[in-house]
Amino acid sequence: MTVNNEGWSSFKTNKWLFTTPSSSYGRPRTPVSNSRVSESGENGTAPESPTKRANRPRTLSDRGNEILDNHEAVSNLYAWNWSEVREIYPEKGIINPSIYCYAISCVQLLSHVPAIVRILQDHRCQDPICLCCNWKRFFLQYQGHAGTINWFRDAFRKDKKFNQGRQEDAHDALLAILGKLDKIAVQSPRLKDRKVADDLFGYSIRNEVQCRVCKHKHVYYENNTVMTVRMLRKDPSGRSHSIKELMQHLFTASTIYGYNCSKCKKKSDAPVKPTLLRAPQILLLHVSRFSFDGYGKKISRPVAVNETLDVASMATAGQSTVYKFCGAVIHYGSGLDFGHYFCLARSRKREQQFVNLNDSNVTLNANFRIADQSYLVLYRRAEHLTNIGGDKSMI
Ligand SMILES: [Zn+2]
Ligand SMILES: [Zn+2]
């Protein structure tokens, strides 16, 4: 496993930062220009309703509103539930020739996302080593009990990735697949020029930093697709932290030491408060189990997976977005460079049930509590799961 430099590390290195002009902060939202409305019209989506606009927080910068505008345009473009895909495939395994469980588990996880399956169904191209064509041909549409994984290696051969003959990190594999999805040609005019991974999994964090000297508030935005959360210090009572608690920790206020204010040009230790501006359509979490004790050990403590998760307490305007746990890549093993990955996912045909996909083995009706060793976790919006009755939380 590798340590992902998301969150505050990236904030400090300015990797994902978009600085807004300080003068725009605090102003009421500027109206959507005519050109932007007609742009979204061409993409086949209705212009944003005045009610939605009116409900927005009024203290966002123009950049913040732009992020939300793009996000709202996405909701009509993809298949969010299984009734919108052309065919629902039976659950099947993938043969692991040696050390490819990190790739197999990620392919299985993403094959349980309706939007991805529909994109693969609509995709066609001339490239013989195309990840998407071969994913469809040798796995989704494959008639046997288990397909092969050779096409995954072939797709990344040119990138010099995943061909070293050793176990790799599932988080790296997931990011590499999302990178390919962002570049594929989708035979659908409405998806032309869209960044698929960002549309499906993208989220935005709004960071508000206040200079201690001049009191000016600066706002920065981070955009990303996979949210890295870290294991928290062991609870003295021995109870497991929940996924929601790990997420909430990412959104707690902290201090940037030696913050350089662009307004008064003075340095100070500035308080910063991150909030979730754009909740993703599909929430992908990476549970970083890397220990920073100097030995680089894996933290094997269990996490309690919330079956239902509402991000209202982290949202910029406190708005509720409710998610349902839909799958995980689970890692068993004490070390970072070995062990085994497998996938747990909601069944495509019976969404109230989970299926355990472990290389070529498939176990229907699996217990979702084995996800307490999750390394990657996937949540879909509750409104996209049409086949689950009731809203009772298992945890
Ligand atoms: Zn292709
Ligand atoms: Zn200042």
Using a Förster radius of 51 Å, what is the FRET efficiency between Arg124 and Ser254 based on their Cβ-Cβ separation? Nearest 0.05, please.
0.60
Given 0.36 nm per residue, what is the gain on full extension from Ser291 to Ser320 after removing their alpha carbon distance, in nm?
7.2 nm
Rolling a 1.4 Å sphere over the protein heavy atoms, what is the accessible area per residue of segment 70-384, to the nearest Å²?
41 Å²
For Cα pairs less than 8 Å apart in space and 6+ apart in sequence, what is the mean separation divided by the residue count of segment 70-384, i.e. the relative contact order in percent?
20 percent
What spacing in nm lies between the two simple spin-label points modelled at Ser262 and Arg350, each 7 Å away from Cα in the Cβ direction?
5.5 nm
Take the residue pairs Lys136/Lys349; Lys180/Lys349; Lys180/Lys297 and return only those whose Cα atoms are more than 29 Å apart.
Lys180/Lys297
In units of 2.2 N^0.38 Å, what is the alpha-carbon radius of gyration of segment 124-197?
1.18
Give me the percent of the accessible area of segment 70-384 that comes from carbon and sulfur atoms, probe 1.4 Å, all protein chains in place.
48 percent
Quick check on packing: order 322-328, 307-313, 115-121, 258-264 by the mean number of other C-beta atoms within 10 Å, highest mean leading.
322-328, 115-121, 307-313, 258-264
Note down the net charge around Val305, summing +1 for each Lys or Arg and -1 for each Asp or Glu among other residues with Cβ under 9 Å from its Cβ.
-1
Partners for Lys298 among lysines (Cα-Cα distance below 22 Å; same-chain residues under 8 apart left out):
Lys234, Lys244
Expressed as cubic angstrom per residue, what is the convex hull volume of the alpha carbon set of segment 70-384?
162 Å³
Using a Förster radius of 41 Å, what is the FRET efficiency between Phe338 and Lys195 based on their Cβ-Cβ separation? Nearest 0.05, please.
0.75
Taking the Cβ of Ala146 as the centre, find all other residues whose Cβ is under 14 Å away and add up their charges (Lys, Arg: +1; Asp, Glu: -1).
-1
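The values are calculated or read from the model by the stated rules, or taken from the named source; none is laboratory data. This one's a predicted model, so the numbers in the text were calculated from it and none came from an experiment. Here Cβ is always computed from backbone atoms with ideal geometry, including for glycine, and neighbour counts include all displayed protein chains. For accessibility, only protein heavy atoms count, side chains too; no ligands or nucleic acids. Shrake-Rupley method; radii C 1.70, N 1.55, O 1.52, S 1.80 Å.
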